[in-house]
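As structure tokens, the structure follows; a few thoughts come after it.
The values are calculated or read from the model by the stated rules, or taken from the named source; none is laboratory data. None of the values given here were measured: they were computed from a predicted structure. Cβ atoms come from the backbone with ideal geometry, glycine included; neighbour counts cover every protein chain shown.
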Amino acid sequence: MPLAIVHSRGLDGLAAPEVAVEVHLTGGLPSVTLVGLPDTEVKEARDRVRAALQNAGFEFPRKRITVNLAPADLPKESGRFDLPIALGILAASGQIPAQALVGHEFAGELSLSGELRPIRGALAMVLAAGGMGRSFVLPASSAREAALASQVRVFTASTLLEVCAHLTGQATLAECLATEECPDDGNDYPDLAEVRGQAQAKRALEIAAAGAHSILLAGPPGTGKSMLASRLPGLLPPMTQAAALESAAVLSLAGQFRPELFVVIPTGRRITPHPRRPGSVVAASRIPARFRWLIRACSFWTRSPNSTAGCWKRCANHLILAVSTSRALPGKPSSRLSSSSSRR
Amino acid sequence: MNPCPCGYYGDSRGRCRCTPDQVLRYRGRLSGPLLDRIDLQIEVPAVPAEVLQHAPDGEASAVVRARVAQARQRQLQRQGKANARLSTCEIDQYCQPEASAAALLKHAISRFELSARAFHRLLKVARTIADISASDAIEAQHVAEAVQYRRFAKD
């Protein structure tokens, strides 16, 4: 059959709409055409896929190949379509059975040798795939975070050959399960007892943590504002599962998510995030500006000249907010932020 | 944030060299509407040398965290969400102060000229303080403490 359809997902903010990768082979001069609003990284998949297929021992068909990424009006970015495109070409040229592709969704970047590279936003994609009843095939390092969304089966693969062996029934890919680790009591956060004096500020931090209130610390330089604020994550109660997965998905979009910081409580499959590690929660400044307000846990800014007043108002409403230097005050919207918001 | 460009406004040794105009302009960068949305506004003063030389005195994070978790548990059992996320009608339902507390609140609103939004936020903070002390009712002491955390904007 000269036509194959492979299911994958794009990313649009936190949403991960379904993308069908359609590959059609026809006679004519050998060429590869990619359509469906592909970004530069997606267009470059042509060369990666060609090299990966040849190095994995497959034949790259000498035909006129048309790859369509549907829906046509959704912009597609990043290398996560490499694996679906490669599988589509293999299925359309009859090297793997097209029927085997139906129950799966695929995402992964290919290296020239045919190995799979990690992708960004795996958790958001798997969360969105929840209701479809398909299983997900992902690169090994992305699968671990994606397995936290327990309603979808996630298979982990490290090479293109492994995926093809799974689809032809020669071997089965390992299913990735959420790892169970012992709950950490947050010992690696700085301790509040290290701050001397400042009884009122400590009490205010306790109230902020208990009721999820926003907080502003003001005072002369060197009196301990940043020191106090950095101890706030260590006081927070555990997040709920929904809030945990949401903030994990945001971190996953920014490529910052570290699954080892999540704690899975075995009874009832409840996932509790680690609300108390600076790397996972506090470094909100590296998350794209338009997503920052989504993080429910705790965000801590010092010197954030890119914030607009609008962004800060949302923060004050949604976050426990610790402002520690005057540089963080809202001024005029910076050109970087306004250009990113106008793109949206 | 700092109270003025040099940071020493209000220092007892008079180290601040900023003009009143500079201070006003500096404070103006944080707009009133924004400040009004922040529940807890705390001044962090300089720590005296004697305190710094003593051994650390406060509670450890683990002790505070246990109290915080209990208070949050009370909130979730009562209303299914944290106090800061209560809507206006939920505030009417869950954050009714006692008679003495209501009188104090009325006085505080006129004394500090609090906005309607500030009033609601103050009630939510008072509710949290009552939760930390495991009290079902919002008493006058809880409201009094909550009012303390709104003073910065009025200075």
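Figures for the structure shown
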quantity: Helices (runs of 4 or more DSSP H) lying entirely in the range A:192-253 (those with 3 or more residues that are touching a Lys or Arg at 6+ places or on another chain (Cβ under 7 Å) and under 30 Å from A:ARG144 (Cα atoms)); calculated: A:241-253
quantity: Test: residue in the range A:93-102 that is farther than 26 Å from A:PRO17 by Cα, surrounded by fewer than 22 Cβ atoms within 10 Å (Cβ to Cβ) and of a type in the set (S, T, N, Q); calculated: yes
quantity: Only listed residue being more than 22 Å from A:LEU253 (Cα to Cα), of a type in the set (Gly, Ala, Ser), in the same structural domain as A:THR26 (by TED's automatic domain parsing) and touching a residue at least 12 places away in the same chain (Cβ under 8 Å), chosen from A:GLY121, A:GLY103, A:GLY79, A:GLY130; calculated: A:GLY103
quantity: B:GLN41, sole failed condition from (1) within 7 Å of chain A (Cβ to nearest Cβ); (2) out of contact with any Asp or Glu (no Cβ under 9 Å at 6 or more places or on another chain); (3) part of a helix (DSSP H, G or I); (4) crowded, with 16+ Cβ neighbours inside 10 Å; calculated: (3)
quantity: Helices (runs of 4 or more DSSP H) wholly inside the range B:45-128 that include at least 3 residues being in contact with a helix residue (DSSP H, G or I) (Cβ under 8 Å, 6 or more places away or on another chain) and at pLDDT 90 or above; calculated: B:61-79, B:88-94, B:99-112
quantity: Selection count where residues are surrounded by fewer than 21 Cβ atoms within 10 Å (Cβ to Cβ) and within 7 Å of chain A (Cβ to nearest Cβ), scope the range B:68-77; calculated: 1
quantity: Per-region count, the range B:12-35, residues in a loop (DSSP other than H, G, I, E, B) and facing chain A (nearest Cβ under 7 Å); calculated: 3
quantity: Scope the range B:133-155; condition aliphatic (A, V, I, L, M) and either crowded, with 22+ Cβ neighbours inside 10 Å or under 22 Å from B:VAL44 (Cα atoms) (or both); matching residues; calculated: B:ILE138, B:VAL143, B:ALA144, B:ALA146, B:VAL147, B:ALA153
